[in-house]
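> I'd like to ask you about the structure that follows.
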Amino acid sequence: MLRDRPNRSYLKAALVAAFCVVLAPVSFAEPAPEGRKAEKKQPISLDDLFARLKAAGDDAEAKGIARLIEQRLGRSGSATADLLTERARQAMSSQDLPLAVELMDRATTLEPGWSEGWNRRATVFWMLSDPAAAISDLQRTLVLEPRHYEAWAALGRIYQTMDDKRRALEAFRRASALYPRMDRLQSAIDRLAPDIDGRDL
């Protein structure tokens, strides 16, 4: 066993925290100039939010932008899928993990193109001690949304618990490229890099 292997309970807590992000509509409007009709600005695009996240000048700004991104990604576009996901969250809180998986199965069947649905189902599989299923769902998440930094970070943590340092480092670096100020990410990279850098990948 390696001293820097992450605590499994920390990983579960991190994944559950990502699953339970509060979703809220986000819009940005400009005050109407005097004597002119109010004009609403278009919502900031997801592309712009990811660009701002990468360029954020401090941790508070980065966290605020990350919350906006997570809110956007958390919208399935289907009221039914959103309801199923909320019920899955409640089932997780009650430790009824088989029910949570069943509910997320339904949500992902209903909205197979919703990246966050697969990410959340991965969380449940990890809590059920099924890392293979969790990795499969995270990979599906990243096919649908390659910029999903939470999925990259979760994938890195899972690989780290499996002592697959090379894949863990690669995943952490992908997350860091998207969200450089993500909590604890750089320290994980710093611990792994000396063992991996310089080897053939």
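The values are calculated or read from the model by the stated rules, or taken from the named source; none is laboratory data. Computed from a predicted model, the values in this text were never measured in an experiment. Every residue, glycine as well, gets a Cβ built from its backbone with ideal geometry; the counts of neighbours run over all protein chains shown. Note: accessible area is taken over every heavy atom of the protein model, side chains too, but ligands, DNA and RNA are not part of it. Shrake-Rupley method; radii C 1.70, N 1.55, O 1.52, S 1.80 Å.
> With a point put 7 Å past each Cα toward its Cβ, work out how far residue 59 is from residue 183 in nm, to one decimal.
0.9 nm
> Moving on. Just to check I understand the Karplus step: with θ = phi - 60° and J = 6.51 cos²θ - 1.76 cosθ + 1.60, what whole-Hz values come out for region 108-121, glycine and proline as x?
Those phi angles translate into 6, 5, 5, 10, x, x, 8, 4, 5, x, 5, 4, 6, 5 Hz.
> Just by accessible area at a 1.4 angstrom probe, what is the order of 161, 80, 108 from largest to smallest?
The residues order as 80, 161, 108, largest area first.
> Work out from phi, with θ = phi - 60° and the Karplus expression 6.51 cos²θ - 1.76 cosθ + 1.60, the ³J(HN,Hα) of each residue of region 48-53, listed in order in whole Hz, and give x for Gly and Pro.
5, 5, 5, 5, 5, 4
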